[in-house]
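What follows draws every value from the coordinates through simple rules; no lab data is involved. Worth saying up front: this structure is predicted, and the values here are computed from it rather than measured. Note that we place each Cβ from the backbone using ideal geometry, even for glycine, and neighbour counts take in every protein chain shown.
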Amino acid sequence: MKSIVTGGAGFIGSHLVDLLIKHNHHVVVLDDFSTGRPENLKHMDGDVELCECNLAEQGNWVNLFHGVDWVFHLAALADIVPSIQQPQAYFQSNVDGTFNVIQASVGAGIKRFVYAASSSCYGIPAVYPTPETADIRPQYPYALTKRLGEELVLHWANVYQLPALSLRFFNVYGPRSRTSGTYGAVFGVFLAQKLNNQPYTIVGDGTQTRDFTYVTDIASALFTAASSDRTGEIYNVGSGQTVSVNRLVELLGGESVHIPKRPGEPDCTFADISKIKADLGWHPQVPIEKGVAEVIQNIDYWRHAPVWTPDTIAGATKDWFKYLSNSPS
Ligand code: NAD
């Protein structure tokens, strides 16, 4: 079997590559290293073919799709604040990039296509746990561009019979999560603070909850989706539970401070995963206690991550407050 993983040098992509190699796939990674790192694949030595390319632009990379069985499309720019500040870059990578990848896939007649979609399309949901049928309410350009990519994939499944599924991930965490300069997901922020004996910056009162999903569970959902023969469907991928930020702090241990709540962020994310369980037989395996313990064991990975303080976060999130304060909630 031969598989392509776009964004394979990134956080989730590199774990998927691990799993595919374990299943004896020949893996081709397409990545422009905008946020991914070659080191994420270093432990795999010669097992992976790496092509550095920007998928938002046409290029010789399309030739790599010939003879490929499975394509996993994970390449995307994936932070909230930069998407507000540079919507064009987000549109190009996440929408144009997806268009180019599905065209290449149809052209080469690949056998299975899986798209990495985001639960951010639900915005602030009205229903918990949130099913795939919930209203689509993107709150910022990242969420919108991921949703547009998903629409492209599903449309290509209908019109061009691209054998595709879309998986909506909820709050993925684990080793190798992005440590790039931008203020991002809570785990990376807290782990760098832990390493540097700084207090955790809890947003609001910390009672908000998140469906933290361990990265190897996401990789196995991607693999399971590619192995199935269903097409044109959307599946939530979550942990089956929702955990408060206060509980996360308890598990990590240490002091904390509170910073203002931001507009456009839900008080709860919680996936209804009954559809993926019933249709594909996939179940999450890693409970939060085990996942956090794994992350703490690998905490050195965050050694060079930025250490955020309430002041630097206030500066980094200025545009978030400026542009999203009027968004409907
Ligand atoms: P990541 O930033 O670690 O990985 C994304 C990868 O895509 C990086 O390696 C980056 O260099 C590459 N990339 C970006 N633009 C590219 C382009 N134009 N051409 C080629 N490569 C490009 O992020 P991640 O957390 O591993 O996310 C992987 C996917 O999962 C993304 O599509 C993201 O939207 C989706 N997702 C992630 C989460 C999460 O909680 N991490 C939740 C929902 C959805």
| request: Evaluate the charge dipole of the chain about its Cα centre and quote only its size in Debye, nearest 20, assuming +1 on the Cβ of each Lys and Arg and -1 on the Cβ of each Asp and Glu. | output: 220
| field | More than 16 Å apart - percent of Cα-Cα pairs taken over segment 131-197 | value | 64
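Fully extended, how many nm does the chain gain between Met1 and Ala89 (0.36 nm per residue separation, minus their Cα-Cα distance)?
Details: separation 88, 0.36 × 88 = 31.68 nm, distance 3.33 nm.
Taking 0.36 nm per residue and subtracting the Cα distance, the gain is 28.3 nm.
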| task | Grab the beta carbon distance between His23 and Leu50, set R0 = 22 Å, and tell me the FRET efficiency rounded to 0.05. | result | 0.70
| task | Starting from the Cα of Asn63, move 7 Å in the Cα-to-Cβ direction to define the label point; list residues of segment 93-112 whose amide nitrogen is under 20 Å from there. | result | 100-110
| remark: Most exposed first, judged by fewest Cβ atoms within 10 angstrom, Asp18, Asp135 run Asp135, Asp18
| request: Would you mind ranking Val68, Val237 so that the residue whose beta carbon has the fewest other beta carbons within 10 Å leads the list? | output: Val68, Val237
| note | Row for segment 124-267, column shape: gyration tensor on C-alpha, a ≥ b ≥ c, rounded if a/c < 1.5 i.e. under 1.5, prolate if a/b over b/c, else oblate; value prolate
| query | Do the sum for the chain: with -39,500 (n - 2.57) for every DSSP H run of n ≥ 4, divided by all residues, what is the mean residue ellipticity at 222 nm, to the nearest 500 deg cm²/dmol? | reply | -10000 deg cm²/dmol
| request: Kindly put Thr312, Thr179, Thr98 in sequence by how many other C-beta atoms sit within 10 Å of each C-beta, fewest to most. | output: Thr312, Thr179, Thr98
| Between Rg and the Kirkwood Rh of segment 194-278, both from Cα atoms, what is the Rg to Rh ratio? | 1.09
| query | Where Lys and Arg each count +1 and Asp and Glu each count -1, what net charge lies around Ile124 among other residues with Cβ under 11 Å from its Cβ? | reply | -2
| query | For Ala75, what charge total do you get from the other residues with a beta carbon under 9 Å from its beta carbon, if Lys and Arg give +1 and Asp and Glu give -1? | reply | -2
| task | Obtain the nm distance between the two label points defined at Lys275 and Glu255 by a simple spin-label model: each point lies 7 Å from its Cα along the Cα-to-C-beta direction. | result | 4.6
| field | Computed FRET value (nearest 0.05) for Asp267 with Tyr160, which takes r as the C-beta separation and R₀ as 41 Å | value | 0.55
| Inter-centroid distance (Cα atoms) of segment 235-254 relative to segment 101-127, Å | 25
| task | Would you work out if segment 1-145 is rounded, prolate or oblate? Take a ≥ b ≥ c from the square roots of the eigenvalues of the alpha-carbon gyration tensor; rounded if a/c is under 1.5, else prolate when a/b is larger than b/c, oblate otherwise. | result | prolate
| remark: Among Pro82, Thr312, Val17, the residue whose Cα sits farthest towards the positive end of the charge dipole of the chain (+1 at Cβ of Lys and Arg, -1 at Cβ of Asp and Glu, taken about the Cα centre) is Thr312
| query | Under the classification rounded if a/c is under 1.5, otherwise prolate if a/b is larger than b/c and oblate if not, where does segment 83-158 fall, given a ≥ b ≥ c as square roots of the Cα gyration tensor eigenvalues? | reply | oblate
| query | Which Cα, out of Gln193, Ser180, Ala221, lies furthest along the positive dipole direction of the chain (beta carbon charges, K/R +1, D/E -1)? | reply | Gln193
| said: To check you understand DSSP bridge types, tell me what percent of the beta bridges within the chain (both residues inside) are antiparallel, rounded to 5. | reply: 5
